[in-house]
Amino acid sequence: MITKHKPKLRWGFIILLVVGAVVNYLDRSNLSIANTTIAEEFDLTQTQMGFLLSAFLWPYALANLPAGWLVDKFGPKKMFAWASGLWSVVTITCGFLNTYSMFYAMRVVLGVAESPFFTSGLKATQTWFSKEERGVPVSIINTGSQIANAIAPPLLTILMLTMSWRGMFIIVGIFGLLVMLVWLKIYRNPTPEEAKIIAGDNKIESSQTNQPQASWGDLLKQKMTWFMILGNFGIMFTIWVYLTWLPSYLEKEQGFTLKQMGWIASIPFFCGIIGVLLGGVISDYAIRRGLQPITARKIPIVGGAIIAAASVAPIAFIDNTVLSIVLLSVGYFASQLPSGVIWTLAADVAPSNQVGSLGAIQNFGGFLGAAMAPIVTGIILDKTGSFGNVFILGACLLIMGAISYGVFLKRPITRH
């Protein structure tokens, strides 16, 4: 439990990481909001837009592997500062582009630039919070992405309608530069005395241990690592169908105007904020009740994936706007129950000198699924003209994710 002796400034770092997550996801979401507008300006098919939406995701997934190792090696202060500065410059640059190829290239660079963010947040949390208490702060950091997803449709739509999509990109990029400057100014590692208090004994579980730097390649030899990759793949696919195609679904299949879409699209994402926080609360509560950390984390991960699958699958078979939005909202809420807990799980499973690496490898698997989502959705839409098969596929992959985590992940990885 947190005591009054533990440093309070660590919660200030969590708040700043939440703000960073908000800006991080606004940079990702701006293309989704401007989807139809940019498609018309650049004369793109649905499949071409699907590839453009995924241009961020493929390099992001791959870059997570070296990013996790770099965060373990250089620490969260340097890596987050580098990442936020680069992704902000890239976003600003996108506001001045006029060709599809250059836009695609900048989205690739954006994926690389954003890859260290959540691993940096995980490492900072592992450094400043003990095992028994880090579920909530990790989930709080992950609410930043959900806050961004919730405010992005109305906020970015307003910016786009008043300043054009180009002005929207530039403003969001400037926000990121401000976050970078504040982070460089205030973040620091705990002192040895603070680290001992956080750990609760003389075993300091932080980046200041004397353990040798370990390769993430060693983790790939573990079967459990691959099930974490597969499980996160299944869950993240459906999440990124929401994040990349929900605005288009509401406009084209449900008949909302661009202005209406900006507000309606925020409803599922507000539900996602609650889901992320509740997942962390549930898992930490289960630990306090005596469950092993891995078992406690699996409760919201597996339960959330199953509930999400049961919610999105029926959307393919109903023709009711209100019911569709309700099911979309429940599905997104449930899919976010695992969101922060999945990151915390990496800290519970990995040796302390490989937390960033395992978190990044797991995130790599998730973003392989995320990268497939917009492309597969675009192809299905061009072939069928309907989102029905997209929702059915998403439900199947969510069940696969639940099985991967629930059945095959059983114990921490032992250090050799």
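The values are calculated or read from the model by the stated rules, or taken from the named source; none is laboratory data. Remember, predicted model here, so these are calculated numbers, not experimental data. For neighbour counting, all protein chains shown are included, and Cβ atoms are generated from backbone atoms with ideal geometry for every residue, glycine included. Ligands, DNA and RNA are excluded from the accessible area calculation, which covers all protein heavy atoms including side chains. Shrake-Rupley method; radii C 1.70, N 1.55, O 1.52, S 1.80 Å.
Just a yes or no: is a residue in region 363-371 crowded, with 24+ Cβ neighbours inside 10 Å, touching a Gly at 6+ places or on another chain (Cβ under 9 Å), farther than 22 Å from Thr244 by Cβ and in contact (Cβ under 8 Å) with a residue 24 or more places away in the chain? No, region 363-371 contains no residue that is crowded, with 24+ Cβ neighbours inside 10 Å, touching a Gly at 6+ places or on another chain (Cβ under 9 Å), farther than 22 Å from Thr244 by Cβ and in contact (Cβ under 8 Å) with a residue 24 or more places away in the chain.
Does Val407 fit the bill of being open to solvent by 20 Å² or more (accessible area, probe 1.4 Å), within 19 Å of Gln292 (Cβ to Cβ) and over 18 Å from the mean Cα position of the chain (by Cα)?
yes
The residues on offer are Leu291, Leu277, and the sole one that is of a type outside the set (Gly, Ala, Ser) and closer than 20 Å to Ile147 by Cα is Leu277. Does any residue of region 378-388 turn out to be among the polar types (S, T, N, Q), in a helix (DSSP H, G or I) and touching a residue at least 40 places away in the same chain (Cβ under 8 Å)? So far as region 378-388 goes, no, none of its residues is among the polar types (S, T, N, Q), in a helix (DSSP H, G or I) and touching a residue at least 40 places away in the same chain (Cβ under 8 Å).
So that you can scan it fast, the table gives a plain yes or no per residue for (1) under 30 Å from Trp128 (Cβ atoms); (2) out of contact with any strand residue (DSSP E or B) (no Cβ under 9 Å at 6 or more places or on another chain); (3) modelled with pLDDT under 80:
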{"site": "Ile2", "(1), (2), (3)": "yes, yes, yes"}
{"site": "Phe13", "(1), (2), (3)": "yes, yes, no"}
{"site": "Ala21", "(1), (2), (3)": "yes, yes, no"}
{"site": "Leu31", "(1), (2), (3)": "no, yes, no"}
{"site": "Thr37", "(1), (2), (3)": "no, yes, no"}
{"site": "Glu40", "(1), (2), (3)": "no, yes, no"}
{"site": "Phe51", "(1), (2), (3)": "no, yes, no"}
{"site": "Tyr60", "(1), (2), (3)": "yes, yes, no"}
{"site": "Leu70", "(1), (2), (3)": "yes, yes, no"}
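Picking from residues in region 13-40 that are of a type in the set (Gly, Ala, Ser) and part of a helix (DSSP H, G or I), the one that is farthest from the chain's Cα centre (by Cα) is Ala39.
Find the residue count for region 178-196, including only residues that are modelled with pLDDT under 85, in a helix (DSSP H, G or I) and closer than 14 Å to Leu9 by Cα. Adding up the residues that qualify gives 2.
Selection of region 358-404 for residues being among the polar types (S, T, N, Q) and more than 16 Å from the chain's Cα centre (by Cα) yields Thr377, Thr384, Ser386, Asn389, Ser404.
For region 217-234, the candidate set comprises residues that are modelled with pLDDT under 90 and open to solvent by 70 Å² or more (accessible area, probe 1.4 Å); within that set, the residue that is farthest from Ile307 (Cα to Cα) is Asp218.
I'm trying to understand the selection: among the residues of region 134-157, which are surrounded by fewer than 22 Cβ atoms within 10 Å (Cβ to Cβ) and in contact with an Asp or Glu (Cβ under 8 Å, 6 or more places away or on another chain)? Selection gives Val136 alone. Applying the criterion of at least 3 residues that are open to solvent by 10 Å² or more (accessible area, probe 1.4 Å) and out of contact with any Ser or Thr (no Cβ under 9 Å at 6 or more places or on another chain) to the helices (runs of 4 or more DSSP H) found wholly in region 269-362 leaves 293-312, 321-336. Scoring Lys131 on the criteria (1) open to solvent by 50 Å² or more (accessible area, probe 1.4 Å); (2) in a helix (DSSP H, G or I) leaves a single failure, condition (2).
Report the residue count in region 353-403 for those that are hydrophobic (A, V, I, L, M, F, W, C) and closer than 20 Å to Tyr60 by Cβ. The total comes to 14.
Can Thr377 be described as surrounded by fewer than 18 Cβ atoms within 10 Å (Cβ to Cβ), among the hydroxyl-bearing types (Ser, Thr, Tyr) and modelled with pLDDT under 90? No. Taking the criterion of being open to solvent by 40 Å² or more (accessible area, probe 1.4 Å) and touching a Phe, Trp or Tyr at 6+ places or on another chain (Cβ under 8 Å), the only residue of region 235-259 that qualifies is Glu253.
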